[in-house]
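The values are calculated or read from the model by the stated rules, or taken from the named source; none is laboratory data. Note that the structure is a prediction, hence the values are computed from the model and not measured. Quick reminder, even Gly has a Cβ in these numbers, built from the backbone with ideal geometry, and neighbours come from all protein chains shown.
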Amino acid sequence: MNREVWIWAEQRQGRLLPVCFELLGKGHELCQDLEGKLAAVLLGSAVAGLCPELMDYGCEKVYLAEDPRLSLYQADLYTDALSQLIDERRPEIVLWGATTTGTELSARVAARLKIGLTAHCIDLYIEDREGEPRLVQVVPGWSGNLAVKTISRTIPQMATVKPNLMARASQRKVEGDIIPIAVDIEEKDLRAETIETVEEEPEALPLEQAEIVVSGGWGLNAVGGFAPVEEIAAILGGAVAGTRPAFDRGWIPESRIIGISGKIVSPKLFISLGASGATQYTTGFARSQVILAVDQNPDAPIFEIADIGIVGDLQTILPLLIKELKGEA
Ligand SMILES: Cc1cc2nc3c(=O)[nH]c(=O)nc-3n(C[C@H](O)[C@H](O)[C@H](O)COP(=O)(O)OP(=O)(O)OC[C@H]3O[C@@H](n4cnc5c(N)ncnc54)[C@H](O)[C@@H]3O)c2cc1C
């Protein structure tokens, strides 16, 4: 059986995004269980130079579409090109990085081809179902306290994965094939055109690079907001982050949400204050070296993942913690 596992090789300005290498690692694992071939789909203008890099990480095939019209992400054009290719070749599995582009494009392709797509998977593996190997797609469900296994009934089975969640592939050089694909789309079929993309100002300390992350949850209400989180982060030289409710409350920008629908981090020290520990949140920092959690509820799930847990009221604990960190205790 010639099954193929594809990864969407997203590139920006001629560079593969780091998530591609994470998808290649998982794709390789799935290929071993499927006895399949690992392939990448690469779209862009003059991007053929990226093929050897993909092959260095185990890609046995690269489906390559080069066209000046593909130099910037064009929603209509990319959707058409990928839908045509997937429809024609019917790979067994397609994995996408859950970047802004990957999230949009995967959903568009799934809708176009009427096939399943599981978003924000935290694990992916092959399981035998009625004699057929199927992709089990694990997502957090029911307020984050359950891991839900999803099986797609359509082929290809498609899943998105957050950047930084899965281990990066190790180098595994193969002699791969480059398969050129034509972009057979007429201008009149394109409804919108991206003319320019504007990069955001780089953050002073990007969350993903911080060695210490101090994160707060809804429980910060008890102390009137995020000031103590910011103070602790400043003392430790760490970055500020929070849960989704902390964002809803206006305490942090969207770019600082930790979790399955936010950022995935793995710092040396992660401090969680007043957050209950839903899987959607904890998935975002589970690979941290040391996790310290403070919450007043001794049964909060956050303590299942914490290396050091402090059960107590933030109103009492935070002033003590700040004093201690300042060396004033
Ligand atoms: C599809 C989907 C995706 C999601 N993605 C994310 C995501 O990426 N990131 C995310 O964070 N959430 C996400 N969520 C929401 C998630 O399920 C939880 O609802 C959320 O993480 C809970 O946030 P919290 O811990 O701040 O609030 P709560 O669950 O309300 O917890 C507040 C905690 O504060 C404690 N507390 C209250 N007062 C005090 C006090 N005085 N002293 C000490 N402790 C106190 C409480 O004991 C409690 O444990 C998602 C949900 C869905 C359905």
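Spot the failing condition for ALA210; the list is (1) more than 18 Å from LYS326 (Cα to Cα); (2) crowded, with 16+ Cβ neighbours inside 10 Å; (3) within 14 Å of the ligand (Cβ to nearest atom), and only one is missed.
(3)
So which residues in region 266-279 are under 15 Å from the mean Cα position of the chain (by Cα) and buried (at least 23 other Cβ atoms within 10 Å of the Cβ), if there are any at all?
As a first pass, look at region 266-279 and keep what is under 15 Å from the mean Cα position of the chain (by Cα): 266, 279.
Selection gives THR279 alone.
In the set LEU220, LEU124, LEU190, which member is surrounded by 14 or more Cβ atoms within 10 Å (Cβ to Cβ), within 14 Å of the ligand (Cβ to nearest atom) and either aliphatic (A, V, I, L, M) or in contact (Cβ under 8 Å) with a residue 40 or more places away in the chain (or both)?
Details: LEU124 fails: within 14 Å of the ligand (Cβ to nearest atom); LEU190 fails: within 14 Å of the ligand (Cβ to nearest atom).
From the options LEU220, LEU124, LEU190, the qualifying one is LEU220.
What are the pairs, 6+ residues apart or on separate chains, where a residue within region 235-261 that is of a type in the set (Phe, Trp, Tyr) has its Cβ under 8 Å from a residue that is surrounded by fewer than 16 Cβ atoms within 10 Å (Cβ to Cβ)?
Sorted first by the residue in region 235-261, then by its partner, the pairs are PHE247/PRO253; PHE247/GLU254; TRP251/GLY225.
With the condition being among the hydroxyl-bearing types (Ser, Thr, Tyr), I'd like the helices (runs of 4 or more DSSP H) fully within region 225-321 carrying at least 1 qualifying residues.
On the way: elements: 227-236, 244-248, 279-282, 302-305.
The qualifying helices (runs of 4 or more DSSP H) are 279-282.
Condition check: outside any helix (DSSP H, G or I), of a type in the set (Gly, Ala, Ser) and closer than 24 Å to ILE271 by Cα. Does SER215 satisfy that? Show your work before the answer.
Details: outside any helix (DSSP H, G or I): yes; of a type in the set (Gly, Ala, Ser): yes; closer than 24 Å to ILE271 by Cα: yes.
So SER215 passes the test.
Say whether the condition of being over 11 Å from PHE285 (Cα atoms), over 15 Å from the mean Cα position of the chain (by Cα) and more than 15 Å from the ligand (Cβ to nearest atom) is met by at least one residue in region 238-256.
Within region 238-256, one or more residues are over 11 Å from PHE285 (Cα atoms), over 15 Å from the mean Cα position of the chain (by Cα) and more than 15 Å from the ligand (Cβ to nearest atom).
If you check LYS268 against the conditions, is it within 23 Å of ALA167 (Cα to Cα), away from the ligand (no atom under 14 Å from the Cβ) and basic (Lys, Arg)? It would help to see each step written out before you state the result.
Working: within 23 Å of ALA167 (Cα to Cα): yes; away from the ligand (no atom under 14 Å from the Cβ): yes; basic (Lys, Arg): yes.
When the stated conditions are applied, LYS268 passes them.
Looking only at strands (runs of 3 or more DSSP E) that lie completely in region 121-208, which have at least 2 residues being assigned by TED's automatic domain parsing to the domain that holds ALA46 and either within 26 Å of the chain's Cα centre (by Cα) or aromatic (Phe, Trp, Tyr) (or both)? Talk me through it step by step, then tell me what you get.
Numbers: elements: 123-129, 132-141, 146-151, 157-161, 177-180.
Because the criterion is at least 2 residues that are assigned by TED's automatic domain parsing to the domain that holds ALA46 and either within 26 Å of the chain's Cα centre (by Cα) or aromatic (Phe, Trp, Tyr) (or both), the strands (runs of 3 or more DSSP E) in region 121-208 that meet it are 123-129, 132-141, 146-151, 157-161.
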